[in-house]
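The values are calculated or read from the model by the stated rules, or taken from the named source; none is laboratory data. What you see is a predicted model; the values in this text were computed from it and never measured. Backbone-built Cβ (ideal geometry, glycine too); neighbour counts: all protein chains shown. To get the accessible areas, we keep the full protein, side chains included, count just its heavy atoms, and leave off ligands, DNA and RNA. Shrake-Rupley method; radii C 1.70, N 1.55, O 1.52, S 1.80 Å.
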Amino acid sequence: MAEILLGRPAADAIREDLARRIAALAEKGVTPRLAVIRLGEDPGDMAYERSIRRGCEKLGCAAESIALPADCTQEALIAQIEAVNADDSIHGCLLLRPLPKHMHSAAVCDALLPEKDLDGMGRGALGALFAGRKDAFAPCTAQACLEMLKFYGIDPAGRRAAVVGRSLVIGRPVGQLLLQADATVTLCHSRTPDLAAVCREADILIAAVGHAGLIGAEHTRPGQVILDVGVNSVDGKLCGDVRTEEAAEIAAAVSPVPGGVGAVTPAVLLAHLVEAAERRG
Ligand code: NAP
């Protein structure tokens, strides 16, 4: 039976390290400050925003919410982002997505200064990631996958990794981070032939599709580590992209949904905020 890779202990370890760094910043009179920009009143977004703010305040960081109506114009949103860029008291910003359909998401994300782009959304941050530069932030969930591997002592170096999904939010950035960690990476997508065979080749398999139960026994082999990033709702129940019980019969380790990678993402966001504050000094 596979080891179940819980996110909580990895997130706690990150927060412990941050507590020390936040105390060091406090001695210099610096309080890391986050701005969360939200459009509309989606209950899921509002709950996520509250939990992010609570997490910030618990560690001694400051957080503020900027709420705009769902039907606000793209120009108004960009003006708000430019105000965040210009505000020296704000170290980093999280823009809750997806944005309303009337907006050009990439143009909005590009408006945020890369050094404040804590979730690596804009082309500045993504360009830095793909160029292998360390002066911007990777998307938090992609980074959370690497933090999970690190916490559980799984070194990607020299291993074969398969990532299922190639979005700019998770698939491509996690592939890039694995490559930087010296894995040999295959990015899979909806046009990949014989997905199961490609996945079975992998020592590390990352499922980031958004298709409940897509990955199962046929994609798995003994010794494999599987991280399930998918977040799906089936009959009102949260589940991932992996048929966890089935995969756990074969693989060496599997992360669950809920309670896996998703539990690490907010801790990574905080880590990015603290790093942004440290860089500014
Ligand atoms: P997305 O933009 O819809 O991308 C999905 C990717 O999966 C695409 O690259 C698509 O391929 C690929 N795909 C679709 N069907 C496939 C199939 N049958 N076989 C192989 N590949 C297939 O989604 P996303 O934003 O990357 O998110 C992926 C999942 O991660 C979602 O469930 C999302 O909720 C979750 N997520 C979780 C967190 C978190 O835990 N905090 C954060 C971010 C995302 P094509 O490119 O060919 O269309």
Quiz item: What is the one condition in (1) in contact (Cβ under 8 Å) with a residue 12 or more places away in the chain; (2) in a loop (DSSP other than H, G, I, E, B); (3) open to solvent by 20 Å² or more (accessible area, probe 1.4 Å); (4) not acidic (D, E) that L112 does not satisfy?
Solution: (3)
Quiz item: Within the bounds of region 252-266, is there any residue that is over 21 Å from I14 (Cβ atoms), open to solvent by 10 Å² or more (accessible area, probe 1.4 Å), assigned by TED's automatic domain parsing to the domain that holds Q176 and more than 9 Å from the ligand (Cβ to nearest atom)?
Solution: yes
Self-check item: All positions within region 58-76 that are assigned to a helix (DSSP H, G or I) and more than 22 Å from the chain's Cα centre (by Cα)
Solution: Q74, E75, A76
Exercise. Return a yes/no flag: does region 92-104 have any residue that is assigned to a helix (DSSP H, G or I) and surrounded by 12 or more Cβ atoms within 10 Å (Cβ to Cβ).
Key: no
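So that you can scan it fast, the table gives a plain yes or no per residue for (1) open to solvent by 50 Å² or more (accessible area, probe 1.4 Å); (2) within 20 Å of L270 (Cα to Cα):
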{"site": "K134", "(1), (2)": "yes, yes"}
{"site": "F151", "(1), (2)": "yes, yes"}
{"site": "V164", "(1), (2)": "no, no"}
{"site": "V174", "(1), (2)": "no, yes"}
{"site": "Q180", "(1), (2)": "yes, no"}
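So, in region 137-146, exactly how many residues are within 9 Å of the ligand (Cβ to nearest atom), aliphatic (A, V, I, L, M) and free of Cβ contacts under 8 Å to residues at least 60 places away in the same chain? Spell out how you get there, then give the answer.
Step one: list which residues in region 137-146 are within 9 Å of the ligand (Cβ to nearest atom), which gives 139-142, 144.
Next, only the ones that are aliphatic (A, V, I, L, M) stay: 142, 144.
Next cut, free of Cβ contacts under 8 Å to residues at least 60 places away in the same chain only: 142.
Residues in region 137-146 being within 9 Å of the ligand (Cβ to nearest atom), aliphatic (A, V, I, L, M) and free of Cβ contacts under 8 Å to residues at least 60 places away in the same chain: 1 in total.
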Self-check item: Residue list for region 161-201, restricted to those being farther than 23 Å from A10 by Cβ and in contact (Cβ under 8 Å) with a residue 40 or more places away in the chain
Solution: L168, E201
Exercise. Of the numbered conditions (1) open to solvent by 70 Å² or more (accessible area, probe 1.4 Å); (2) free of Cβ contacts under 8 Å to residues at least 40 places away in the same chain; (3) within 21 Å of the chain's Cα centre (by Cα), P222 fails exactly one; give the number of that condition.
Key: (3)
Quiz item: Which one of the conditions (1) touching a residue at least 40 places away in the same chain (Cβ under 8 Å); (2) in a helix (DSSP H, G or I); (3) of a type in the set (S, T, N, Q) does N85 fail to meet, given that it meets all the rest?
Solution: (1)
Quiz item: If you go through region 115-122 one residue at a time, do you hit one that is exposed (fewer than 15 other Cβ atoms within 10 Å of the Cβ) and either of a type in the set (D, E, K, R) or part of a loop (DSSP other than H, G, I, E, B) (or both)?
Solution: no
Self-check item: Given (1) assigned to a loop (DSSP other than H, G, I, E, B); (2) modelled with pLDDT of 95 or more, number of the condition M1 does not satisfy
Solution: (2)
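I'd like the full set of residues that are within 20 Å of G210 (Cα to Cα) and either among the β-branched types (V, I, T) or away from the ligand (no atom under 14 Å from the Cβ) (or both), limited to region 147-175. Can you show your working first?
Step one: list which residues in region 147-175 are within 20 Å of G210 (Cα to Cα), which gives 148, 161-175.
Across region 147-175, the qualifying residues are A161, V163, V164, V169, I170, V174.
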Quiz item: Restricting attention to region 33-41, does a residue exist that is at pLDDT 95 or above, under 20 Å from C61 (Cα atoms), of a type in the set (G, A, S) and open to solvent by less than 20 Å² (accessible area, probe 1.4 Å)?
Solution: yes
Quiz item: Of all residues in region 1-54, which are under 16 Å from L269 (Cα atoms), basic (K, R) and without any contact (Cβ under 8 Å) to a residue 24 or more places away in the chain?
Solution: R50, R53, R54
